[in-house]
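As structure tokens, the structure follows; a few thoughts come after it.
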Ligand code: SF4
Ligand code: SF4
């Protein structure tokens, strides 16, 4: 069981290979384009503004950013770009190294959230006004209040159990508040960079695939 997800394969390109990088992205991949040894750009297909699960948008979020540019000229014309923060150059290298086993610009992953739940561990879910309003409509206002929720760095978050698990993650890996779960949970896309990162950290699986698979 599980969902089949077609995700971009990340490749690294040196500056003289801009045309090859653009061709890779036009075929659905993501490119780490090294303009210099110290300046790396993520090039990706422009995200669909109507799709909150767009993997390109989530690849940007995984860099701690939200902004990107759709290029109007040059080899990446019509493609989206965003600069990797210098502190994230290792992430750029790791994404490309992780995907080096895949020959084409996209690949299919089969992921079953019910046998995974990695993103429900060690992950304080941020709550927004829409979540608090949804809790109230569901007659669960306590979900948006202390001690279940608390402010951290100015953001309202769901507190974790001392074990690091979300307090609503059942032993069967099901979410006990599934019907009114926060947007951050329902919009978190399987197969995204954040998903693969959670699976690597929590489950020790590489590239979304268990080593023995
Ligand atoms: S980490 Fe990915 S596969 Fe695992 S539960 Fe979360 S979205 Fe699903
Ligand atoms: S609220 Fe539900 S979906 Fe969200 S982290 Fe907790 S268990 Fe997972």
Problem set entry | Total residues in the range 97-106, condition surrounded by 18 or more Cβ atoms within 10 Å (Cβ to Cβ) and modelled with pLDDT of 95 or more | 1
Exercise. Is it the case that the range 45-53 has a residue that's surrounded by fewer than 23 Cβ atoms within 10 Å (Cβ to Cβ), modelled with pLDDT under 95 and closer than 15 Å to residue 109 by Cβ?
Worked result: yes
For this session: Please determine, by comparing only the residues of the range 129-154 that are in contact (Cβ under 8 Å) with a residue 12 or more places away in the chain and touching a strand residue (DSSP E or B) at 6+ places or on another chain (Cβ under 8 Å), which one is farthest from ligand 2 (Cβ to nearest atom).
Result: 132
Seminar exercise, completed: Expected single match for over 15 Å from residue 202 (Cβ atoms) and touching a helix residue (DSSP H, G or I) at 6+ places or on another chain (Cβ under 7 Å) among 134, 152 is 134
For this session: Would you please name the residue that is farthest from residue 133 (Cα to Cα), looking only at residues in the range 152-162 that are more than 16 Å from ligand 1 (Cβ to nearest atom) and surrounded by 10 or more Cβ atoms within 10 Å (Cβ to Cβ)?
Result: 161
For this session: For residues that are touching a strand residue (DSSP E or B) at 6+ places or on another chain (Cβ under 9 Å) and outside any strand (DSSP E or B), scanning just the range 155-171, find the one that is farthest from ligand 2 (Cβ to nearest atom).
Result: 163
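The values are calculated or read from the model by the stated rules, or taken from the named source; none is laboratory data. Computed from a predicted model, the values in this text were never measured in an experiment. Cβ coordinates were reconstructed from backbone atoms using ideal geometry, including for glycine residues, and neighbour counts include every protein chain displayed.
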